[in-house]
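We did not get these values from a lab; they are worked out from the coordinates using the rules stated. Because the structure is predicted, anything quoted here is derived from the model rather than measured. Here the Cβ positions follow ideal geometry from the backbone for every residue, glycine too, while neighbour counts run over all protein chains shown.
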Amino acid sequence: MRALCLGRWLRTGRVPQKVSVEVLDHLEHLALVDFRDSEGVERLQKAIQFADQLHEVNTDGVEPMDSVLEDRCLYLREDDVTEGNCTKELLENAREKVEEYFVAPPGNIPLPKLEE
Amino acid sequence: MAAVVAVAARGLAPWIPVVGLEIHAQISSNSKLFSGSQVQFAAPPNSLVSFFDASLPGTLPVLNRRCVEAAVMTGLALNCSINKKSLFDRKHYFYADLPAGYQITQQRVPIAVNGSLSYTLCIDNKMSQMVTKTVRIKQIQLEQDSGKSLHDDTRCQTLVDLNRAGVGLMEVVMEPDMCCGEEAAAAVRELQLILQTLGSSQAVMAEGQLRVDANVSVHHPGEPYGVRTEVKNINSIRFLAKAVDYEIQRQIEELENGGTILNETRAFDSKLGFMPEPNLPPLILYDAKSLPANMNHQQVINIDWIHERLPDLPSVKREKLVEQYGILPEHSFTLLNEDGLAEFFESVVKQTQMKPKKAIGWILNDLLSYLKQHSLTVKESPVSSSLLADLLNLLEKKEISSTAAKQVLAELWKGEGKTPLEIVKEQKLELLQDQKELEQICQAVIDGQENEVMAIKAGNRKVLNKLIGLVQRNTQGRSNPVLVKQLLEKKLSE
């Protein structure tokens, strides 16, 4: 939970933090989410507060767990070519294609900066 | 550490440039890092793509054993500590050639850390003065390559080919211990040679198998490091040196003119956007001590086993060449710098009586310059090692002179299939073996050069060379200069 947890990044504290414009902008760029209006931002604020409750748990001396699979064996595959050669199938779902290339919009369209 | 201080353009306080490198080396493997599609340069678009590479729902990553071994080999060769437990993470960002919206990498705990790489620089471009430097390796991590985007600006679209998506990469992070383009280039060159020797990557920059990003900053001595910028899209080692030096100069000028350095790409680096890869448990590696008793052999990677089988690294190969053949250290560098040249040299030495110390001159001065002139690799050489060895044998047996040998080599270079002996006979290049005939010619020259003879008898030995030259001319270069000198000296002292 740590990596995407904004609460920790914003600084832990019992007092609800206001989400600054810079943070909001950064989030919108990273996640391509549009918080749109003050109601959206308010909802984000509440979500952070809700998640912050995790900090109530004392985790001193406890190693973080990434996954319940952490003690499983990571399977190693032999270096053989077993897949591929299915261009037609892959392109079937593409809305637009040009000579076996997928077509995407040009580069990353820069999002307008937020004002507030 | 950065020892070179760039003197400022206008004689102001000196600047210390600082250069770090992030190098992505494509792993040499048959299939990709997490899927079974083929790794190959230049194939029809989207033909080497599996459902997982295309990020279709329901697919899962399965780690390729060979890629792990490649990373372990590289880590060991770079004196790293191999992490017996390393983790995989997802790094999220949006780009058309990253269909999953994230790249699987090793951000938290990579497979290898804390290594070092030694490389050599020539001082003042003199190969005889070489200095060894070291750069620290921060870490090596396994990660996926992305697909390729072709930007079509006229039609306002991007064409995406996923053949490269998912190919295994080793990211090698070098600490900012370098101070200029030359050091960066030398470090990358040595890394390239190491990777090629290990076989963990073919590291051909032109084919995108080795990509280098340079981080550059400047600061005044005693002050904190300056803002760093990233130099990307470098596709040759020579350009790397130029680009780094250019950026250093640019920053110095900017700062001296009162400007500031802007960092545009660091948004990528933010600690957000990472999460553990939930579909992959930790990667566990073993050594001789920790080897589990009852595990399937194929599922176990033993670091010690790999260590024992590492080939000789370039630095070791060079030492052995110097020791075994008595050549100079700078010779060993040139030998290893050219693909196949060291093997060619050793092959020639095996087949000739000429001492390696002497033969090396023919390899490095004559053969190599021919190859360079015609842009040929050693493998493409029209002169094979046996042909060259035959030629050197004729020279060694004093059947031809050194000048004649060069002539023969020029003829051999045409690759018409003639042997050195045949060429010697054709062009009548054999040294005169008849002592009497030679003596007569020497006498004739002495008789015809009264002034020179007097000078020599008066003590001016240098004039003797002129007489030797005349004898050479009269014999069409077919006389052994050493023998001629002896004969002349004998006659002159009579």
Acute angle (nearest 10 degrees) that the helix B:341-351 long axis makes with the longest principal axis of chain B, alpha-carbon atoms = 40 degrees
For residue B:289, list the lysines whose Cα falls under 18 Å from its own Cα; do not include residues on the same chain fewer than 8 positions away.
-> B:84, B:85
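With r defined as the distance between the Cβ atoms of residue A:45 and residue B:250 and R0 fixed at 51 Å, what FRET efficiency is calculated, to the nearest 0.05?
Numbers: r = 43 Å, r/R0 = 0.85.
Between residue A:45 and residue B:250 the formula returns 0.75.
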Partner shielding of A:63-72, as the mean number of partner chain Cβ atoms within 10 Å, equals 4
Label points 7 Å out from Cα along the Cβ direction at residue B:238 and residue B:223: separation in nm?
-> 3.6 nm
To the nearest 500 deg cm²/dmol, what mean residue ellipticity at 222 nm is calculated for chain B from DSSP H runs of n ≥ 4 alone, each contributing -39,500 (n - 2.57), summed and divided by the residues?
-> -11000 deg cm²/dmol
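Rounded to the nearest 0.05, what FRET efficiency is calculated for residue B:433 and residue B:410 with R0 set to 25 Å and r the Cβ-Cβ distance? Don't skip to the answer; put the middle values down first.
Numbers: r = 24 Å, r/R0 = 0.95.
Between residue B:433 and residue B:410 the formula returns 0.55.
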To the nearest whole number, what is the average tally of beta carbon atoms from other chains within 10 Å of the beta carbons of peptide B:32-43?
-> 3
Cα axis of helix B:481-492 to longest principal axis of chain B: angle in degrees, 0 to 90, nearest 10?
-> 30 degrees
Would you please state the base-10 log of I(q)/I(0) at q = 0.09 1/Å for chain B, with intensities from the Debye formula using one equal scatterer on every alpha carbon?
-> -0.80
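Net charge around residue B:471, counting only other residues with Cβ within less than 13 Å of its Cβ (Lys, Arg = +1; Asp, Glu = -1)?
Values: positive: B:466, B:473, B:478, B:485, B:491; negative: B:437, B:439, B:447, B:452, B:489.
Here the charged neighbours net out to 0.
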Expressed as an acute angle from 0 to 90° and rounded to the nearest 10, what is the orientation of the C-alpha long axis of helix B:435-448 relative to the principal long axis of chain B?
-> 80 degrees
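If I take every Cα pair under 8 Å that is 6 or more residues apart in chain B, average their sequence separation and divide by the length, what percent do I get for the relative contact order? Working shown, then result.
Details: 846 pairs, mean separation 66.5, N = 494.
Over chain B, the number comes to 13 percent.
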In straight Cα distance, which lysines are under 18 Å from residue B:242, not counting same-chain residues fewer than 8 positions off?
-> B:232
In whole angstrom, note down how far apart the Cα centers of region B:116-188 and region A:37-76 are.
-> 36 Å
For region B:435-493, what's the radius of gyration and Dmax over Cα atoms, in angstrom?
-> 10.3, 29
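For a 28 Å ceiling on Cα separation, which of these pairs sit above it: B:32/B:379; B:355/B:418; B:357/B:398? If you can, show how the numbers build up before the last one.
On the way: B:32/B:379 30 Å; B:355/B:418 25 Å; B:357/B:398 17 Å.
Beyond 28 Å between Cα atoms: B:32/B:379.
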Could you give the nm distance between label points at residue B:30 and residue B:474, where each point is 7 Å from its Cα heading toward the beta carbon?
-> 7.3 nm
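Would you mind putting A:66-75, B:274-283 in packing order, based on average other-beta-carbon counts within 10 Å, highest first? Mind showing how you got there, number by number?
On the way: A:66-75: 13.3, B:274-283: 18.8.
Most protected by this proxy first, the peptides run B:274-283, A:66-75.
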Zone reached by a paramagnetic label modelled 7 Å from residue B:393 Cα along Cα→Cβ, restricted to region B:324-367 with backbone N below 15 Å, covers B:347-355
Along Cα→Cβ, 7 Å out, is where each label goes; now give me the distance between the ones at residue B:403 and residue B:207 in nm to one decimal.
-> 4.7 nm
Could you work out Rg/(2.2 N^0.38 Å) for region B:16-276, with Rg from alpha carbons only?
-> 1.05
Count charges around residue B:204 for me, please; just the other residues with Cβ under 12 Å from its Cβ, Lys/Arg as +1, Asp/Glu as -1.
-> -1
Please list A:36-44, B:347-355 highest first by mean number of surrounding beta-carbon atoms within 10 Å per residue.
-> B:347-355, A:36-44
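Within 10 Å of each Cβ in peptide A:93-106, how many partner chain Cβ atoms are there on average? Round it to a whole number, please. Walk me through the numbers before you get to the answer.
Values: counts 2, 3, 0, 2, 4, 7, 3, 6, 12, 14, 7, 10, 4, 9.
Partner Cβ neighbours, averaged per residue: 6.
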Euclidean distance of C-alpha centroids, region B:32-82 and region B:301-375, integer Å | 33 Å
Highest average packing first - B:111-119, B:397-405, B:157-165, Cβ atoms within 10 Å = B:157-165, B:111-119, B:397-405
